[in-house]
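*Asks:* Mind looking over this structure? Questions follow.
The values are calculated or read from the model by the stated rules, or taken from the named source; none is laboratory data. Since this is a predicted model, take the numbers as computed values, not measurements. Heads up, the Cβs are rebuilt from the backbone with ideal geometry, glycines too, and the neighbour counts pull from every protein chain shown. When the accessible area is computed, the model is the full protein with side chains, heavy atoms only, and any ligands, DNA or RNA have been set aside. Shrake-Rupley method; radii C 1.70, N 1.55, O 1.52, S 1.80 Å.
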Amino acid sequence: MNVSDLRERIREEAYRLDFDLVGFCRAERPQYFEHFRCWLDSGRAAKMEYLARRLDAYRTPQNLLPGAQSIVMLGVNYRTTEPKEAKPGEGRFSRYAWGADYHDLIRKRLKALGNFHHQLTPGVKTRGVVDTAPFFEREYAWRAGLGWIGKNNLLINERFGSWLFLAALLTTEPLGEDGPVEESKCGDCRICLDACPTGALESPHCIDARRCLSYLTVEPYEPIPAKLRNSLGNRLFGCDACQEKCPFNRRKTPSSSERQLLPTANSDPVSLATLFEMGESEFLRRFDGTPIKRTGRNGLLRNAAVILGNHPCENGFSLLENSLQESNPTVRAAAIWAFSRYGKAGYAMVTQHRAKETDRAVLQEIDLVLK
């Protein structure tokens, strides 16, 4: 089988496996590497130390698959339904976290595509990647013709916008390439930059994770910086602000029919009271097999407490009062801050709690509130 026929057989199989985009490129060294290294050196990666630890691994795809010659780049559309409005006492998950964990979903498809490739090309070596390996998915997706990299650093496809999960199948077989998208279609538009609630999108293609709500609500197990808490709004997990405003997303784009990506019960929007009522074991049962499990119960309660401060509601006071009994000091600190939005009763609760609190960081939060 010649290269052209092999490439088309793989493409057809990828579409049959419900990938929405398929493209091919050579497994060459990334152009983005130096830019990435400078970004890490600037401190904009916040506390994602694992990125710097794996820096050398990003230098070439051959570090992931020795002998790799080609990359099959793939995209999965995750735009399902439009988000419902969150009322006081409710929070919002980012769209990608509404349903099942996309890593599990896509890995199964990648495995099937790899097996198909092996059947066509006995002896070939492959490796599937779904955004957890040291690999520049967006650059190779651009090289494979899947779209261009927007000013918010997300890949944008003219048909699907940026509501895309990216994945790759590295292979030791030469498969040729489809060629990159010649130029960005963003033009002079800066809507995504202006839409960022915290100014984390400092300039085109430059994001500061230290101010990014997608990072702050998911990754770190520490208080959200005080100056950014108001900007959190009702975002409980992740942030879609720059995507929601992008013209390529605001127009009608195809909806995904993947049932596993549809919102599960109480995920669009999310009842904050339900979250506070969950113990650790119930949290693990409820969010097992979803992206939400990553942030953990304490991280989610921290975010929920901040939301109750941003949007006081009828049962917000009692929820925050109960959260002061949580063993995690970050949750208690977030509740202390939120109480400052509940008037005299809130300040009275903070004053009363001060006599019981022993954690230094929470005591500092209390003193700031009482000032």
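*Asks:* Give the number of residues within segment 341-366 that are assigned to a helix (DSSP H, G or I) and surrounded by 12 or more Cβ atoms within 10 Å (Cβ to Cβ).
*Replies:* Adding up the residues that qualify gives 14.
*Asks:* Spot the failing condition for GLY199; the list is (1) of a type outside the set (A, V, I, L, M, F, W, C); (2) over 18 Å from the mean Cα position of the chain (by Cα); (3) on the phi > 0 side of the Ramachandran plot, and only one is missed.
*Replies:* (2)
*Asks:* With the requirement that a residue be open to solvent by less than 30 Å² (accessible area, probe 1.4 Å), out of contact with any Phe, Trp or Tyr (no Cβ under 8 Å at 6 or more places or on another chain) and not aliphatic (A, V, I, L, M), what does segment 1-42 give you?
*Replies:* PHE19, GLY23, PHE24
*Asks:* Any idea which of ALA167, ALA133 is in contact with a Lys or Arg (Cβ under 9 Å, 6 or more places away or on another chain), assigned to a strand (DSSP E or B), closer than 22 Å to GLN62 by Cβ and not hydroxyl-bearing (Ser, Thr, Tyr)?
*Replies:* ALA167
*Asks:* Can I ask one more? When the residues of segment 195-218 are filtered to those that are free of Cβ contacts under 8 Å to residues at least 40 places away in the same chain and charged (D, E, K, R), which remaining residue is nearest to ALA46 (Cα to Cα)?
*Replies:* ARG211
*Asks:* Just to be sure before I move on: is ASN266 under 20 Å from the mean Cα position of the chain (by Cα), open to solvent by less than 30 Å² (accessible area, probe 1.4 Å) and more than 21 Å from TRP337 (Cα to Cα) in the structure I sent?
*Replies:* no
*Asks:* In segment 271-298, what count of residues is obtained for those that are buried (at least 18 other Cβ atoms within 10 Å of the Cβ) and not in a helix (DSSP H, G or I)?
*Replies:* The number of residues fulfilling the criteria is 2.
*Asks:* Could you look through segment 140-196, keep only residues that are surrounded by fewer than 23 Cβ atoms within 10 Å (Cβ to Cβ) and among the β-branched types (Val, Ile, Thr), and pick out the one that is nearest to the chain's Cα centre (by Cα)?
*Replies:* So the residue we want is ILE149.
One line per residue, one yes/no per condition, for (1) open to solvent by 10 Å² or more (accessible area, probe 1.4 Å); (2) basic (Lys, Arg); (3) farther than 21 Å from ALA241 by Cα:
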residue: ILE71; (1), (2), (3): no, no, yes
residue: THR80; (1), (2), (3): yes, no, no
residue: LYS84; (1), (2), (3): yes, yes, no
residue: ARG109; (1), (2), (3): yes, yes, yes
residue: PHE116; (1), (2), (3): yes, no, yes
residue: PRO122; (1), (2), (3): yes, no, yes
residue: ARG127; (1), (2), (3): yes, yes, yes
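*Asks:* Any chance you could count how many residues in segment 321-340 are in a helix (DSSP H, G or I), among the polar types (S, T, N, Q) and open to solvent by 10 Å² or more (accessible area, probe 1.4 Å)?
*Replies:* Residues flagged as in a helix (DSSP H, G or I), among the polar types (S, T, N, Q) and open to solvent by 10 Å² or more (accessible area, probe 1.4 Å) within segment 321-340 amount to 2.
*Asks:* OK, next. SER318 versus (1) farther than 18 Å from GLU277 by Cα; (2) surrounded by fewer than 23 Cβ atoms within 10 Å (Cβ to Cβ): which is the lone unmet condition?
*Replies:* SER318 satisfies every listed condition except (1).
Here's the yes/no breakdown for (1) without any contact (Cβ under 8 Å) to a residue 24 or more places away in the chain; (2) assigned to a helix (DSSP H, G or I):
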{"residue": "ALA45", "(1), (2)": "no, no"}
{"residue": "TYR50", "(1), (2)": "yes, yes"}
{"residue": "GLY75", "(1), (2)": "no, no"}
{"residue": "THR80", "(1), (2)": "no, no"}
{"residue": "LYS84", "(1), (2)": "no, no"}
{"residue": "HIS103", "(1), (2)": "no, yes"}
{"residue": "LEU110", "(1), (2)": "no, yes"}
{"residue": "HIS118", "(1), (2)": "yes, yes"}
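*Asks:* Kindly establish whether ARG294 is in contact with a Ser or Thr (Cβ under 6 Å, 6 or more places away or on another chain) and touching a residue at least 60 places away in the same chain (Cβ under 8 Å).
*Replies:* no
*Asks:* Let me ask another. Restricting the search to segment 235-246, which residues are open to solvent by 40 Å² or more (accessible area, probe 1.4 Å) and either in contact with a strand residue (DSSP E or B) (Cβ under 9 Å, 6 or more places away or on another chain) or without any contact (Cβ under 8 Å) to a residue 12 or more places away in the chain (or both)?
*Replies:* ARG235
*Asks:* Testing CYS313 on (1) in a loop (DSSP other than H, G, I, E, B); (2) surrounded by 18 or more Cβ atoms within 10 Å (Cβ to Cβ); (3) in contact (Cβ under 8 Å) with a residue 60 or more places away in the chain, one condition comes back false. Which one is that?
*Replies:* Failed condition: (2).
*Asks:* Name every residue in segment 12-27 that is in contact (Cβ under 8 Å) with a residue 60 or more places away in the chain and not aliphatic (A, V, I, L, M), in order of residue number.
*Replies:* Selection gives GLU13, ASP18, PHE19, ASP20, GLY23, PHE24, CYS25, ARG26.
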